[in-house]
1. Taking the alpha-carbon distance from residue 472 and a cut-off under 22 Å, which lysines remain once sequence neighbours fewer than 8 residues away in the same chain are dropped?
2. In whole angstrom, how far apart do the alpha carbon centroids of region 171-187 and region 259-300 sit?
3. Hydropathy at least 1.0 by Kyte-Doolittle, axial extent at least 20 angstrom from the Cα trace: which helices of the chain, defined as entire DSSP H runs, fit?
4. Taking the Cβ of residue 137 as the centre, find all other residues whose Cβ is under 10 Å away and add up their charges (Lys, Arg: +1; Asp, Glu: -1).
5. Mind checking which lysines have their Cα closer than 23 Å to the Cα of residue 276? Skip sequence neighbours fewer than 8 apart in that chain.
6. Once R0 is set to 60 Å, what does the formula 1/(1 + (r/R0)^6) return for the Cβ-Cβ distance between residue 204 and residue 50, expressed as a FRET efficiency to the nearest 0.05?
7. Please give the calculated 222 nm ellipticity per residue for the chain, where each DSSP H segment of at least 4 residues contributes -39500 (n - 2.57) and the sum is spread over every residue; nearest 500 deg cm²/dmol?
8. Lysines within cross-link reach of residue 371: Cα-Cα under 19 Å, excluding same-chain residues under 8 positions apart?
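Any read-out appearing in this document is the output of simple, stated calculations on the displayed coordinates, not a laboratory observation. In this text the structure is predicted, and so the values were computed from the model without any measurement. All Cβ positions, glycine included, derive from the backbone under ideal geometry; neighbour counts span all protein chains shown.
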Amino acid sequence: MFKDNPPKNKVIIFALLVVLNIVIRIPSIPHEKGSDSFFVHSLANSITMYGQANWWESWLSIFGLYPLSYASGIPYFLSGISQLANIDMEITILVFSLVLGIFSLFASYLLGNMLYPDSIFKYIFAFLFSVSQGVLIFTTWEVSTRGPFIALFPLFLYLLLKFSNGSRLKIGALLLMLLILLFSIHKFSYFAALSLGLMVFLLLTRNRIKIPSNLQTIGYTALFSFFMLLPFFKRSLVPFAGSRYDWILEIFIVQVRHVGPLTLLVFGGLVYMLLKQPKRKEESFILLLCAFLLPIIYSDIYGHFVYLIFSILLVSIALTNILNVPSKHFKTFAILLLICSVSFSGFYNHWRTGESAEEWVMDDKTYVSAKWANQYIDDTAGAFGNGDRTMRRFMAISDGSPRVLLDSISALTYGFVNFSEIDVQKRSPLSSSYYFDNPYFAGDFHSTDGNVNWVLIQENIDYRSSKEIYDKYDLSYLIMDTKYPEPVFESVYEKKISVYDNSRIKIWIID
């Protein structure tokens, strides 16, 4: 591999990477984007409004492991920054996302330097990871809690490798604090705990098990084959409907979408690591972790985000080896690949096509109507609306004025329901749900999501039949997104007082 650069060149390269990460994240849209982002935004608003997290009932609520709770680290952080800096939550999220993106650059550089300190690999890895679409999607004016986990995971792996090299008391304390932080951010932290367990196992067996180099290659290959095929035949993590071959194609498309057009180089990097002799302990750890976590790649919703760092690591190894070939043509080819990768990420970070455009960008009329509501509607008033994505955006931007009846967590947070209505029951420790969902669950609790949907899906429904819902939750306003017309709104057009109408969003008083 390439030898490292002189100190002056290091500074220039890294400075250029920082500039690239800032430029590629400069928003090309006027407002915050995403879907989950507005849910987290709303939770952060509630902490500012009430001075506490109303979804906390147990210490497990901090980590989202109690019924109607949510991992609290990011909402608390956003609320604290917004209050300390006295800036709007939307701007807080913009700054937070930008800082998080730059942090992902530093964290991946540290991990790359730990793996191959005397190589250009660390720059390539930091470059590809920080500007990959899988990282950009959550670090460009969006605050889904998956983003902070993805950005922090390279630092966690770096500390694990550092822990294996000594200074274990100090590094161990940092690891424990970071693991607790990760658990307060997202349930992906289970994979970080698995990484820690694997490292402890390797340290305990380091001097007790000696495996010849040739058998190591066979063993690693067998492990990758086993874990790759296990979900394929057992249908674990794979939908039961449709062809399994179609699903493999779908997984590949998702990988390309988030890793980039260099995805095929993953196989080159993997073959290199499998055949490389001798393997350093850092390489052995990464290979084992890649193998054990491989089945989650079949989950097209969440799996690829956890595996993103390993896919890009293998791509970076392959690309570094291409640069290592003593030929100008290969070096030119590698540079073109890097340009292709950042162009791909930049395009999808600032452009959407087809129906996804509506999911990506908040309509300006929704923003304007929410700001109007914040100014003219009391924050104690309750409201009901259609279009889940629109209503999430509306309540986040309006700072909870009015409080819109949405999902059960938001309903608990904003006072539509309380814990006395919830029959909390404990799951068996022998069930997988105990570990991968929550140790506790709400028994016969009827979710507010269900009540909202019940009203909306009824055909030919009139105002009288939905009044029970309005009275139960003390709702005073009806909000309609005209893009998603619902029968329930037809009865109020002439019967109730209209207080706002900008052609996209209409608001009536229903008292």
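1. 495, 496
2. 24
3. Counting only whole DSSP H runs, the qualifying helices are 7-23, 89-115, 146-164, 168-183, 189-205, 303-324.
4. Summing Lys and Arg as +1 and Asp and Glu as -1 gives +2.
5. 3, 122, 162, 210, 331
6. The value I calculate is 0.80.
7. Roughly -19000 deg cm²/dmol at 222 nm, from the helical runs in the chain.
8. Residue 371 reaches 33, 506.
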